[in-house]
Amino acid sequence: MKLERIRDGLKTDFMGREIHYFKRVTSTNDLAKELASKGVGEGAMVIAEEQTSGRGRQGRRWISSKGGIWFSVVLRPKISPREAYKLTFLTAVSVVKTIREMFRLDARIKWPNDILINYKKVCGILTEMNTSNNLIDFVVVGVGINANIDLTSFPEQLRGTVTSLREEVKREVICEEFLQFLLGLLEQYYNMFVMEGFCVILEEWKTLNCVLGGDIEVISLDETVQGRAVDIDRDGALIVRLGNGTIRRFVVGDVSLRKFEPFFDLDTSAR
Ligand code: BTN
């Protein structure tokens with residue numbers, strides 16, 4: 001990726017206007033947090049060609065070899081820490097819309113913040129924050145997009161569940177263009193959030209997700225449950241109705257979609 005090429009066509013006012021570009025870092029989130037503590041302004045971005053200790057949710061490793069888009073932006077919204085998930089949601093909407101508009105692909109959001117194409121993960125978002133006196137000091141939103149990544153570079157056990165933009169569009173994607181488009185939408189949705197609140201964004205998130213209304217399995221802290229995803233509440237939690245009618249609420253967890261289950265056995269019903 002070329003720094004000048006990112007800057008050249010960038011049309012934002014503040015998002016990505018201050019760019020800290022590196023060939024290789026531990027994690028762009030770490031550097032962005034460091035810069036944020038030193039006072040960088042809203043929209044400052046750290047981007048790297050490679051991460052040696054890329055992090056995912058729940059302390060997982062995030063494979064970040066050359067060819068991907070690995071970046072973090074610093075935001076300073078005047079909201080309480082319990083609302084920070086809203087930034088993850090608006091980022092997910094921005095990524096999905098970028099993929100849809102640039103490549104006409106049916107990208108979707110899987111709660112809480114995975115972006116899938118054809119049920120395979122193409123992007124993850126990791127939001128981390130610093131607070132003081134129960135107010136957000138800064139939030140770092142880290143976005144990892146498997147852009148021009150060769151699927152054979154993933155460990156074998158992940159291969160059926162991940163994809164890359166190049167794999168889906170069958171050609172090399174221009175990362176600088178993708179980033180410009182995404183930063184534009186990110187700024188637009190962030191401004192919308194600050195000025196109009198979260199409702200419109202949540203409604204849009206709902207139209208772009210692939211979980212609500214479906215039969216799912218949730219693996220949460222110490223349990224696994226199956227049921228129907230019925231809603232997302234005002235705290236971003238997933239509401240699930242279990243088979244016995246009980247309603248459960250999850251704030252963390254991994255969802256798998258039970259898309260391959262037939263509703264009934266056609267052979268027996270025909271007899
Ligand atoms: C997930 O799906 O678990 C979240 C993955 C987030 C990865 C991005 S890549 C840029 C930023 N730096 C990190 O170390 N993680 C995030």
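A short reminder: the numbers here are calculations on the coordinates, not readings from a lab. The model shown is predicted, which means the values in this text are computed figures rather than measured ones. Positions of Cβ are backbone-derived with ideal geometry, glycine not excepted, and every protein chain shown enters the neighbour counts.
With q set to 0.19, 0.25 Å⁻¹, the log10 of I(q)/I(0) for the range 77-150, from the Debye formula over equal scatterers at the Cα positions, is -0.76, -1.08.
Rounded is the label for the range 1-148. Its Cα gyration tensor axes, ordered a ≥ b ≥ c, give a/c under 1.5. Relative contact order of the range 122-271: 12 percent, from C-alpha pairs under 8 Å at least 6 residues apart in sequence.
Rounded, prolate or oblate: pick one for the range 1-80, where a ≥ b ≥ c are the square roots of the eigenvalues of its C-alpha gyration tensor, a/c under 1.5 means rounded, and failing that, prolate if a/b is larger than b/c, else oblate. Judged from the Cα gyration tensor, the range 1-80 comes out oblate (a/c at least 1.5, b/c at or above a/b). When the Cα positions of I69, G39, Q58 are compared along the charge dipole of the range 34-89, Q58 comes out farthest toward the positive end, with charges on each C-beta of Lys, Arg, Asp and Glu. Look at where the Cα atoms of the range 48-122 and of the range 1-38 average out, and the two centres are 16 Å apart. Based on DSSP H segments of at least four residues, each scored -39500 (n - 2.57), the chain has a per-residue ellipticity at 222 nm of -8500 deg cm²/dmol. Build a GNM of the chain with springs between Cα atoms under 10 Å: which of G59, G160, G124 gets the top mean-square fluctuation? Result for the chain, Cα springs under 10 Å: G59 fluctuates most.
Exposure proxy for D114, D30: other Cβ atoms within 10 Å of each Cβ, ordered fewest to most, give D30, D114. For the range 107-166, a crude dipole built from +1 on the beta carbon of Lys and Arg and -1 on the beta carbon of Asp and Glu, taken about the Cα centre, is about 340 debye to the nearest 20. Angle of helix 28-37 to the longest C-alpha principal axis of the chain, folded into 0 to 90 degrees and rounded to 10: 50°. Average 1/r across all pairs of distinct alpha carbons in the chain, invert it, and you get the Kirkwood radius: 19.4 Å.
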